[in-house]
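A.B. asks: This is the structure I want to talk about, given as structure tokens.
The values are calculated or read from the model by the stated rules, or taken from the named source; none is laboratory data. This one's a predicted model, so the numbers in the text were calculated from it and none came from an experiment. Cβ atoms come from the backbone with ideal geometry, glycine included; neighbour counts cover every protein chain shown. Surface accessibility is based on the protein's heavy atoms, side chains included, excluding ligands, DNA and RNA. Shrake-Rupley method; radii C 1.70, N 1.55, O 1.52, S 1.80 Å.
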Amino acid sequence: TPSPFFGPLFCYGGFFCEGISPLECYGRTGKDILGTVGINFDVISDEFTMWTDIAYMVAIAVCWKLLFVVQLNRLCSGGTAPSAPAAKKKPPRKGDKAAVDGPVREVEPAAAAQGTGLSSQATDASELGFDPLATADVEVGDIDQMRQMRMTSVAAVPLQSQPTVSLQDFANRGSREAARKLRSGGEQTELAFIECSYTLTIAPKSRWAKFVPLPAAERCCGAKATEKRLVSNVSASVSAGHVLAVMGPSGAGKTTMLNMLTLDPGSGNATGFLTLNGHPLTPALYAQHCAYVTQQDLLWTFLTCREHLRMALDLYRPSLSAKERETAIDDLLDSTGLMSCQHTKAGNMFFRGLSGGQKRRLSLAIALAKRPSVIFLDEPTSGLDSAASAKIMKFMKEIAMQANIAIVCTIHQPSASVFEGFDDTLILSSGRIAYFGPAAQLAQHLKGVGRELPANANPAEYALDVVNADFTSKASVLEVLDAWPKHAPPVFLREPQQLGERGAVSGFVGQVLLLFKRHAVLTVREPMLYTARMVVIFAVTVFFCVVYLESRQLTQVQIMQKAFYVFWFVCVPVAFPVIAVYALNAEFVTVKKEVKDGMYGPMAYALANGLLQLPMMFTFGLCAMLPTYLILGWPWDTFLTTLALFSAHCWAFECIAQFFSLSANPLVGMLKYLNVWFISALFSGLVFRGRDVIWPLRLLYYCLPMKWFFGATAYSIMASSPPYEGTLACNSTGAGAVSYCPDEGFYCPSTEEDPFGLSCYGETGPQILDSLSKTYDAISSENTVLTDLIAILAIGVFFKVNYCVYLYASCTAGRMPNPPRQIKI
């Protein structure tokens, strides 16, 4: 029954809740509850509008579907017919100068090529007088235009007079001098790998074996694992000044063999002896004397060729003076043919930079900056045309000879010109040796096993056809493989010999400073990691400020709107580190390779990266705080406190993003981060109360940072806020006394916006916080800002430590093969 004093104030909708705050009183029936909730959330109503809502959703979907169809049609039918050529000139008439001098004779391309030594099969820029290793990217249209110009003018200008830049010029001009400065002592280095095998254990196909360890599955479930040998007793060696090419058809074991040589055997069982001048090739020895050029060039997108080499020399050879360092950089650029593009950024799939051949040579130049004894290359000719492939192999042979380096590379299908660049070749098939020895003697060996080389055939292609079990009978392939032990030279472990001295690399502090400098430059140049997020955070914050612009008013109805803005302020900015997961994953692959090559240590990178993160987090805070305080009028005396909380919150989620960036697949890492972000938002304290969640799920309420930031921010902006309008103090005696007074000691009279006085939270900050805490227990009127800040930092430290541990383990996971049976020394 309505109170004569209150009227309908505490009897809205014909009911009230005795002993319960009006803020927690919604009704008995569904219709009552919907009507009460609809006061604060106008999208909820006690009227039946289901069919109208469905019609709206279908209409929105139809609109987007139509836009999709229109755009799809536009993209799929975007082809245009070529425009008509210009009208031909009329033939010369009698009396014209051309007629007097004689008719114009067109030169056929084939005839012109025949008369000048230019092949009619010329199809790329290298055959038109342009060295593909020394020039930048050439568009197809440019090549066609150059071909036409060459063909039409070839009768007047001989081809030999056209200037060409060859790799020999680069080698003669720079590599000898570079070699003299890169290497000292002229020691003879030999890399040997003896009786190397690799076996992969395949788990049994049992329903229960998936859920228990393999030994237990074999005991309890009778499941038997099978073994597959990918490499079987492979022995070979390569000495300084020589190029060893590892060849074979698909599935022959080339990549597995190269992974073993680079101490990255994976999860299988690798056995054998790897020695460098008789010394076991340990990870430490590998980091000192070896370098690896992967198939995918791992470069820094926004660094130029010169900056890449300067960083490599600073880290590998810190003892060089500034003048010596610049001279060494010039020598490397000159000898690798990169001088013309020294200021071009590396680029990636989104940002155009160096061509594929230039990237490959830059990767090789970085490896040469280390002055290694051995260089491993995985498919160095992948993605290059035949002319460029031949040039790069010839260049590698020159480098091996001049710099006294042993080079091991895998090649999939070499042409005859590429094959000429090999000193030795190792041909594998089904993980076994088909041939190892000088490349020039391959044809003789094939003849000795009854596979004589046809006339004018490419020895490499013919040998790969002979050992390819997919297109040749298995019996024939086995016959060739079984014949090799009869021709194989004896294998011995040599006595350890002295290795060339290597200068000291940069120390830990020097590494941190150099890496900090490099990543500071990348931060300025690369938009994805930080710059794009600054812009997006600023734009999204402005958007939400405009949406919640009415929360500036100090009325009871707007208190809940301000709380909702705080929720978005807490949740949305930390969703964008999902972009960082992708960028940091690509960065991790490059860092892992550089650490393995001994350029710097993983902890130096982690520290330099962490030092750079801190100012970026404060910058994110400014991008979000300034629009909020300027547009919504938050109290400026809380600015520094809220900035510290926001920066710590961003840093905690940045550490989470870093941890998930170490996933093997960046998309999986991004999904993991989004899961953590969503769960953190769900357990932030606004969606439901933590005390209503069952154990152990309630742990998520305390183990994720959003709950702590939400409560601290709400206290920071509410505790010292100006008085809010719309509340009256209770008076239980005398004139104007009320028959019922809430425990809070105040009530809110009816208004047009709130006819039942439901939005009644209080006049002062502590009253408002106490009222909100009844529904949202992450909010409290007690000052726990310092505790909340410590909790946020502790969560960030937890993920940062795990990131460092996993980073260190991943970067130092190289291991030597297990020794096989003993062999003679």
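A.B. asks: Does the stretch 226-236 contain at least one residue that is open to solvent by 50 Å² or more (accessible area, probe 1.4 Å), under 33 Å from the mean Cα position of the chain (by Cα), modelled with pLDDT of 90 or more and of a type in the set (Lys, Arg)?
C.D. replies: Going residue by residue through the stretch 226-236, those that are open to solvent by 50 Å² or more (accessible area, probe 1.4 Å) are 226-229, 233.
Still in the list and also under 33 Å from the mean Cα position of the chain (by Cα): 228-229.
Now drop any that are not modelled with pLDDT of 90 or more, which leaves none.
Within the stretch 226-236 (the criterion being open to solvent by 50 Å² or more (accessible area, probe 1.4 Å), under 33 Å from the mean Cα position of the chain (by Cα), modelled with pLDDT of 90 or more and of a type in the set (Lys, Arg)), the answer is no, since none of the residues qualifies.
A.B. asks: Here is a further query. Does the stretch 721-749 hold any residues that are open to solvent by 60 Å² or more (accessible area, probe 1.4 Å) and modelled with pLDDT of 75 or more, and which are they?
C.D. replies: Pro722, Pro723, Glu725, Leu728, Ala729
A.B. asks: Please count how many residues of the stretch 777-799 are open to solvent by less than 30 Å² (accessible area, probe 1.4 Å) and either among the basic types (Lys, Arg) or part of a loop (DSSP other than H, G, I, E, B) (or both).
C.D. replies: 2
A.B. asks: Within the stretch 532-539, identify whether any single residue is crowded, with 17+ Cβ neighbours inside 10 Å, among the β-branched types (Val, Ile, Thr) and assigned to a helix (DSSP H, G or I), and answer yes or no.
C.D. replies: Yes.
A.B. asks: Right, next: I need a count of the residues in the stretch 402-444 that are touching a residue at least 40 places away in the same chain (Cβ under 8 Å), closer than 26 Å to Leu364 by Cβ, hydroxyl-bearing (Ser, Thr, Tyr) and out of contact with any strand residue (DSSP E or B) (no Cβ under 7 Å at 6 or more places or on another chain).
C.D. replies: Number satisfying all stated conditions: 1.
A.B. asks: Which numbered condition in (1) touching a Pro at 6+ places or on another chain (Cβ under 8 Å); (2) open to solvent by less than 60 Å² (accessible area, probe 1.4 Å); (3) under 22 Å from Leu674 (Cβ atoms) is the only one that Tyr582 fails?
C.D. replies: (2)
A.B. asks: Here is a follow-up. Among the numbered conditions (1) modelled with pLDDT under 90; (2) crowded, with 22+ Cβ neighbours inside 10 Å, tell me where Phe350 comes up short.
C.D. replies: Of everything listed in (1) modelled with pLDDT under 90; (2) crowded, with 22+ Cβ neighbours inside 10 Å, Phe350 misses just condition (2).
A.B. asks: In the stretch 436-458, what count of residues is obtained for those that are modelled with pLDDT of 85 or more and on the phi > 0 side of the Ramachandran plot?
C.D. replies: Selection size over the stretch 436-458: 2.
A.B. asks: List the helices (runs of 4 or more DSSP H) that sit entirely inside the stretch 633-726 and contain at least 1 residues that are closer than 30 Å to Ala583 by Cβ and of a type in the set (Phe, Trp, Tyr).
C.D. replies: Filter on the stretch 633-726 gives 639-660, 666-682, 706-718.
A.B. asks: Could you pull out the residue among Val557, Val546, Val542 that is open to solvent by 50 Å² or more (accessible area, probe 1.4 Å), in contact (Cβ under 8 Å) with a residue 24 or more places away in the chain, out of contact with any Lys or Arg (no Cβ under 7 Å at 6 or more places or on another chain) and over 22 Å from Ala657 (Cβ atoms)?
C.D. replies: Unique residue meeting the criteria: Val546.
A.B. asks: Then there's this: Quick one: how many residues across the stretch 590-610 are more than 22 Å from Leu281 (Cβ to Cβ), touching a helix residue (DSSP H, G or I) at 6+ places or on another chain (Cβ under 6 Å) and open to solvent by 20 Å² or more (accessible area, probe 1.4 Å)?
C.D. replies: Adding up the residues that qualify gives 1.
A.B. asks: Output the residues belonging to the stretch 364-388 that are out of contact with any Gly (no Cβ under 6 Å at 6 or more places or on another chain) and open to solvent by 10 Å² or more (accessible area, probe 1.4 Å).
C.D. replies: Ile366, Lys370, Arg371, Asp378, Glu379, Thr381, Ser382, Asp385, Ser386, Ala387
A.B. asks: In addition: Any residue at all in the stretch 507-526 that's of a type outside the set (Lys, Arg), open to solvent by less than 30 Å² (accessible area, probe 1.4 Å) and more than 42 Å from the chain's Cα centre (by Cα)?
C.D. replies: Within the stretch 507-526, none of the residues are of a type outside the set (Lys, Arg), open to solvent by less than 30 Å² (accessible area, probe 1.4 Å) and more than 42 Å from the chain's Cα centre (by Cα).
A.B. asks: Right, something else. Which members of the stretch 308-340 meet the condition of being open to solvent by 50 Å² or more (accessible area, probe 1.4 Å) and within 28 Å of the chain's Cα centre (by Cα)?
C.D. replies: Within the stretch 308-340, Arg310 is the sole residue that qualifies.
A.B. asks: How many residues does the stretch 224-271 hold that are basic (Lys, Arg) and assigned to a loop (DSSP other than H, G, I, E, B)? Working first, answer last.
C.D. replies: Taking the stretch 224-271 first, the residues basic (Lys, Arg) are 224, 228-229, 254.
With assigned to a loop (DSSP other than H, G, I, E, B) added as a condition, the list becomes 224.
Looking only at that region, the number is 1.
A.B. asks: Here is a list of conditions, (1) surrounded by 14 or more Cβ atoms within 10 Å (Cβ to Cβ); (2) more than 20 Å from Asn233 (Cα to Cα); (3) under 42 Å from the mean Cα position of the chain (by Cα), and Asp470 meets all of them except one; can you say which number that is?
C.D. replies: Only one criterion in (1) surrounded by 14 or more Cβ atoms within 10 Å (Cβ to Cβ); (2) more than 20 Å from Asn233 (Cα to Cα); (3) under 42 Å from the mean Cα position of the chain (by Cα) is unmet by Asp470, namely (1).
A.B. asks: In the stretch 262-294, which residue that is at positive phi and within 32 Å of the chain's Cα centre (by Cα) is surrounded by the fewest Cβ atoms within 10 Å (Cβ to Cβ)?
C.D. replies: Only one residue tops the list, namely Gly266.
A.B. asks: Being without any contact (Cβ under 8 Å) to a residue 40 or more places away in the chain and closer than 16 Å to Pro577 by Cβ is the filter here; which residues of the stretch 503-534 pass it?
C.D. replies: Answer for the stretch 503-534, where residues must be without any contact (Cβ under 8 Å) to a residue 40 or more places away in the chain and closer than 16 Å to Pro577 by Cβ: Pro527, Thr531.
A.B. asks: Sticking with this structure for a sec: Which of the following residues is touching a residue at least 40 places away in the same chain (Cβ under 8 Å) and open to solvent by 10 Å² or more (accessible area, probe 1.4 Å): Lys359, Lys447?
C.D. replies: Lys359
A.B. asks: I'd like the residue in the stretch 788-825 that is over 36 Å from the mean Cα position of the chain (by Cα) and not aliphatic (A, V, I, L, M) and, out of all such residues, is modelled with the highest pLDDT.
C.D. replies: This residue is Pro820.
A.B. asks: Restrict the check to the stretch 211-219 and report whether at least one residue is open to solvent by 40 Å² or more (accessible area, probe 1.4 Å), part of a strand (DSSP E or B) and either in contact with a strand residue (DSSP E or B) (Cβ under 9 Å, 6 or more places away or on another chain) or modelled with pLDDT of 90 or more (or both).
C.D. replies: Checked the stretch 211-219: no residue is open to solvent by 40 Å² or more (accessible area, probe 1.4 Å), part of a strand (DSSP E or B) and either in contact with a strand residue (DSSP E or B) (Cβ under 9 Å, 6 or more places away or on another chain) or modelled with pLDDT of 90 or more (or both).
Here is a yes/no grid of residues against (1) farther than 20 Å from Ala714 by Cα; (2) aromatic (Phe, Trp, Tyr):
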site	(1), (2)
Glu526	yes, no
Arg533	yes, no
Leu549	no, no
Phe569	no, yes
Tyr582	yes, yes
Ala586	yes, no
Leu626	no, no
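A.B. asks: Looking for whichever is modelled with pLDDT under 90 and either aliphatic (A, V, I, L, M) or open to solvent by 10 Å² or more (accessible area, probe 1.4 Å) (or both) here; the options are Ile433, Ile407, Ile411. Which one fits?
C.D. replies: Working: Ile433 fails: modelled with pLDDT under 90; Ile407 fails: modelled with pLDDT under 90.
From the options Ile433, Ile407, Ile411, the qualifying one is Ile411.
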